[in-house]
Amino acid sequence: MSNATAEEDDIRVDIPMSDDQLKRNMRPILHKPYGSMDLVSVKAPAKHGSHSKDSNWWVVLNLAFQSIGIVYGDLGTSPLYVYPSIFSNGIKHRDDILGALSLVFYTLTFLPLVKYVFVVLRANDNGEGGTFALYSLICRYARVSLIPSQQAEDREVSNYKLELPSKRLKLASVLKSSLQKSQFAKIFLLLVTMLGTSMVIGDSIFTPSISVLSAVAGVKEVTSALTDDMIAGISVVILIFLFMIQRFGTHRVSYTFAPVLCVWFVLIGGIGFYNIIKHDKTVLKAINPMYIVEYFIRNKKDAWISLGGVVLCTTGAEALFADLGHFSVRAIQVSMCSMVYPALILAYTGQSSYLRQYPDEVSDAFYKSVPGPLYWPMFVVSILAAAIASQAMISGTFSIVHQSLSLGCFPPVKVVYTSANHEGQVYIPAINYILMLACIGVTAGFKSTVKIGNAYGTAVVFVMTLTSSLLVLVMIMIWKTNIFLIILYILTIGFVELLYLSSVLYKFTSGGYLPLAFSAVLMIIMYVWNDVYRRKYHYELDHKISPARLKEISANKNMSRIPGLAMFYSELVHGIPPIFEHYVSNVPALHSIIVFVSMKSLHINKVPPEERYFFRRVEPRELFAFQCVVRYGYKDVREVAFEETLVTRLKEFIQEEILLQNQMLSTIGNNAEKGTEPEGEIVERNNDVANAKQVEEEIMQQEIEQLQKEWEEAGIVHMIGESEVIAKKEANIMKRIVINHVYNLLKRNVRQREKVFDIPHKRILKVGMTYQL
């Protein structure tokens, strides 16, 4: 069934009608209850009085301070390992240091500062950032989602609307139309998003490994007795401890992050300034980009290969965008420009100044350039900063997986909410242990920051390039940016990123393969799960129960009604799912009240609670059945008191339903008075209207009382499908492998549906279903 056909099944009751239409529809309204086509969105009272995060400068400065501890850990600790990665074979010419410094300066300026802080942050989704935020923006504007669960009412959610600055470009509509018509483009866009997500998750493996290993390696400055194996062992112990404390949540220690990293930035900036004054002030001339040209002329291929080390100065830049939801655009801009960027520039310049005097010490440039009295304080702070950088990436991975779960792009796993005050803080045990094992493997296997840097650079540059690709689509379709500015962005930022990408791919066999292999495995898992998820939705859509069949079930005298309220869970939002047909075919009894519940994720970060529940009555009325679509954003947390909330909203729906019916009846009465009918007919019609109102109000009161009684006395039974998914006999071999083996292997090793919904086991009834896809 197409999207258009599916949407035609849902017709709102507030469509304006002429007087003649109202008169023709009068008798059906008086004698016929709301049918299965009538949709009503139940809105709870909205909460007012909230203020924007950028409403005043005090709030901005407070958020800017907090962001230093969460956003910049990875970017801030990059001076630990950048120069050893650039000059992995030593410094061959003294002026190569100036070329490397110039490359670092312009890379930091163009990518983290210009691209992310001043361009990418604008492409936020109601304050949320990251790969899924960009994908959600594009899906909302161009309707490129592969699941046909869109409803016209979704666009009425307050957070759903997009502010379009201009409509001046024809290119935007052409691109939008092309994306909507092309199935290949939709799948490709989803794959790009999954690849970007996989690479960000890969970052959370390499960030702890390289940061902790670089920080611990500083102990070699005071003792030569420690070998590389011993340093790797100490790093592994720290990593295990770091992952073990994740279950307690970051909120218990996060208030210490910002002060520690502030001290870190003050120290690296201050030491950098000291080294510039003491060793070689002429390094400041590296601001001249001609030193980059001379560096490439001198070193040729080696200079191009060294770009894989230069790009490590941007590690964590994606976190500026991914962690935007915790802060604000203005706060991150303030913290980056006032503290982080100046401190990093001073740190790299100071190291360059030191290396101009001592080029042979490049393999440990960071600690060698620290003045003697500050060594131990710097060592302690660097360990803490590395742990904070790791913590930020690990927490970010939990958040990304949570978003993927919401959009059906990841197998169900247990999600623990670690803070009662901050709903975005989550802990996912399975992902935590997988990351821990991967980090231990990388650290113990490579034992060298240079080798880990090769792998790390690949993940960093891939994420940046994919973000730029999605950003260009946003620029064209949503922002409608001038085409010359788009071309300028591609020729500058895009060219630089592709140049770095070519360099890191050259190191494929030296560790660059690792993030690609990891991302490939993760992408296969995500795509297979999402593909079967979509196929199951289409199966339910094609096998939904017809209105005629519902009337048969309601009129069946052999079908007894038992006390209580039954909830049938399904992904389907258009029509009644086949699980109901399977149930009534095997069990000749129905509960007094039936609710078909669909949990639906929208391509927005949050759905306001007052706009979350969407009801319709299922005809015939005697069935006493409703369909409820519960809409969530990809950052939303499901309510603890879900049953209570749903019953409350259902009672509100019944009241609103009768209110709308009475309003229509009043309109009919008023139109009759204005007409040319005899006065006797007008009086009779008005009496009919008044009687109909009274009947409807009595029915409403009876239904609400029955709903409350059934809920309190008999309770709720949750009907969940126990699905068996198999490929059709005529399916090709690839489809049979994907569905029969890969998907079912994943399904056997993930959380069951009732655990995801957190439903008490004693109130669950599983209904077996076989999906032939």
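The values are calculated or read from the model by the stated rules, or taken from the named source; none is laboratory data. This one's a predicted model, so the numbers in the text were calculated from it and none came from an experiment. Note: ideal-geometry Cβ built from the backbone for every residue, glycine included; neighbour counts use all protein chains shown. Side chains are part of the model used for accessible areas, which takes the heavy atoms of the whole protein and leaves out ligands, DNA and RNA. Shrake-Rupley method; radii C 1.70, N 1.55, O 1.52, S 1.80 Å.
Between Ile277, Ile271, Ile234, which is under 30 Å from Asp95 (Cα atoms), open to solvent by 10 Å² or more (accessible area, probe 1.4 Å) and either outside the structural domain of Ser78 (by the TED database) or free of Cβ contacts under 8 Å to residues at least 24 places away in the same chain (or both)? Spell out the reasoning first.
On the way: Ile271 fails: either outside the structural domain of Ser78 (by the TED database) or free of Cβ contacts under 8 Å to residues at least 24 places away in the same chain (or both); Ile234 fails: under 30 Å from Asp95 (Cα atoms).
Among Ile277, Ile271, Ile234, only Ile277 is under 30 Å from Asp95 (Cα atoms), open to solvent by 10 Å² or more (accessible area, probe 1.4 Å) and either outside the structural domain of Ser78 (by the TED database) or free of Cβ contacts under 8 Å to residues at least 24 places away in the same chain (or both).
Which members of region 582-605 meet the condition of being touching a helix residue (DSSP H, G or I) at 6+ places or on another chain (Cβ under 8 Å), over 23 Å from Gln708 (Cα atoms) and open to solvent by less than 20 Å² (accessible area, probe 1.4 Å)?
The answer is Val584, Leu602, Ile604, Asn605.
Would you say Arg549 is under 16 Å from Ile716 (Cβ atoms), open to solvent by 60 Å² or more (accessible area, probe 1.4 Å) and either more than 30 Å from the chain's Cα centre (by Cα) or outside the structural domain of Gly633 (by the TED database) (or both)?
Numbers: under 16 Å from Ile716 (Cβ atoms): no; open to solvent by 60 Å² or more (accessible area, probe 1.4 Å): yes; either more than 30 Å from the chain's Cα centre (by Cα) or outside the structural domain of Gly633 (by the TED database) (or both): yes.
No; evaluated as a whole, the condition is false for this residue.
So which of Met523, Met475 ends up being in a helix (DSSP H, G or I), surrounded by 19 or more Cβ atoms within 10 Å (Cβ to Cβ) and not β-branched (Val, Ile, Thr)?
Details: Met523 fails: surrounded by 19 or more Cβ atoms within 10 Å (Cβ to Cβ).
From the options Met523, Met475, the qualifying one is Met475.
Which pairs have Cβ atoms under 9 Å, sit 6 or more apart or on different chains, and link a residue in region 480-493 that is basic (Lys, Arg) to one that is not in a helix (DSSP H, G or I)?
Every condition considered, the pairs that remain are Lys480/Leu164; Lys480/Pro165; Lys480/Ser166; Lys480/Lys167; Lys480/Arg168; Lys480/Leu169.
May I ask you to list the residues in region 441-458 that are touching a helix residue (DSSP H, G or I) at 6+ places or on another chain (Cβ under 7 Å), at pLDDT 85 or above and either surrounded by fewer than 20 Cβ atoms within 10 Å (Cβ to Cβ) or not assigned by the TED database to the domain that holds Gly196 (or both)?
Correct list: Ala444 only.
Of Ala517, Ala459, Ala455, which residue is of a type outside the set (Phe, Trp, Tyr), without any contact (Cβ under 8 Å) to a residue 24 or more places away in the chain and within 17 Å of Ile205 (Cα to Cα)?
On the way: Ala459 fails: without any contact (Cβ under 8 Å) to a residue 24 or more places away in the chain; Ala455 fails: without any contact (Cβ under 8 Å) to a residue 24 or more places away in the chain.
Criteria check complete, one pass: Ala517.
What number of residues within region 632-655 satisfy the criterion of being within 30 Å of Phe398 (Cβ to Cβ), surrounded by 20 or more Cβ atoms within 10 Å (Cβ to Cβ) and among the β-branched types (Val, Ile, Thr)?
Of the residues in region 632-655, 0 are within 30 Å of Phe398 (Cβ to Cβ), surrounded by 20 or more Cβ atoms within 10 Å (Cβ to Cβ) and among the β-branched types (Val, Ile, Thr).
List every residue pair whose Cβ atoms sit under 8 Å apart, with the two residues 6 or more apart in sequence or on different chains, where the first one lies in region 103-121 and is in contact (Cβ under 8 Å) with a residue 12 or more places away in the chain and the second, anywhere, is surrounded by fewer than 16 Cβ atoms within 10 Å (Cβ to Cβ) and in a helix (DSSP H, G or I).
Close Cβ pairs (under 8 Å, with a partner that is surrounded by fewer than 16 Cβ atoms within 10 Å (Cβ to Cβ) and in a helix (DSSP H, G or I)) amount to Phe105/Ile287; Phe110/Thr492; Leu113/Cys337; Val117/Cys337.
Filter region 614-627 down to the residues that are hydrophobic (A, V, I, L, M, F, W, C), assigned to a strand (DSSP E or B) and under 20 Å from Val584 (Cα atoms) and list them by number. Before you say what the answer is, go through the steps one by one.
So the first thing to find is which residues in region 614-627 are hydrophobic (A, V, I, L, M, F, W, C), and the list is 614-615, 618, 623-626.
Next, only the ones that are assigned to a strand (DSSP E or B) stay: 614-615, 618, 625-626.
Selection gives Val618, Ala625, Phe626.
What are the residues in region 416-439 that are surrounded by 18 or more Cβ atoms within 10 Å (Cβ to Cβ), hydrophobic (A, V, I, L, M, F, W, C) and at pLDDT below 80, if any?
Val426
Is there any pair with a first residue in region 701-723 that is within 28 Å of Glu581 (Cβ to Cβ) and a second that is in a helix (DSSP H, G or I) and among the hydroxyl-bearing types (Ser, Thr, Tyr) whose Cβ atoms are under 8 Å apart and which are 6 or more apart or on different chains, and what are they?
Partner pairs satisfying both residue conditions: Met719/Tyr583.
Looking only at helices (runs of 4 or more DSSP H) that lie completely in region 319-425, which have at least 2 residues being touching an Asp or Glu at 6+ places or on another chain (Cβ under 8 Å), of a type in the set (A, V, I, L, M, F, W, C) and at negative phi?
Working: elements: 329-335, 341-357, 365-368, 375-406.
Qualifying helices (runs of 4 or more DSSP H): 329-335, 375-406.
Checking the structure you have, find out if any residue of region 210-218 is crowded, with 17+ Cβ neighbours inside 10 Å, at pLDDT 70 or above, in the same structural domain as Ala319 (by the TED database) and over 23 Å from Ala438 (Cβ atoms). Spell out how you get there, then give the answer.
If we filter region 210-218 for residues that are crowded, with 17+ Cβ neighbours inside 10 Å, which is where we start, we get 210-218.
From the residues that got through so far, the ones that are at pLDDT 70 or above too are 210-218.
Still in the running and in the same structural domain as Ala319 (by the TED database): 210-218.
Subset that is over 23 Å from Ala438 (Cβ atoms): 218.
Yes.
In region 344-378, which residues are closer than 21 Å to Val212 by Cβ and small (Gly, Ala, Ser)?
Correct list: Ala347, Ser363, Ala365, Ser369.
Taking region 153-173 as the search range and keeping residues that are more than 22 Å from the chain's Cα centre (by Cα) and exposed (fewer than 12 other Cβ atoms within 10 Å of the Cβ), which one is modelled with the highest pLDDT?
Looking at the filtered set, the residue picked out is Lys170.
Test each condition in (1) of a type outside the set (A, V, I, L, M, F, W, C); (2) more than 27 Å from Thr648 (Cα to Cα); (3) not in a loop (DSSP other than H, G, I, E, B) for Asn558 and report the one that comes out false.
Unmet for Asn558, out of (1) of a type outside the set (A, V, I, L, M, F, W, C); (2) more than 27 Å from Thr648 (Cα to Cα); (3) not in a loop (DSSP other than H, G, I, E, B): (3).
Can you confirm whether Lys536 is more than 30 Å from Pro620 (Cβ to Cβ), among the charged types (D, E, K, R) and open to solvent by less than 50 Å² (accessible area, probe 1.4 Å)? Give the derivation first.
Numbers: more than 30 Å from Pro620 (Cβ to Cβ): no; among the charged types (D, E, K, R): yes; open to solvent by less than 50 Å² (accessible area, probe 1.4 Å): yes.
The answer is no for Lys536.
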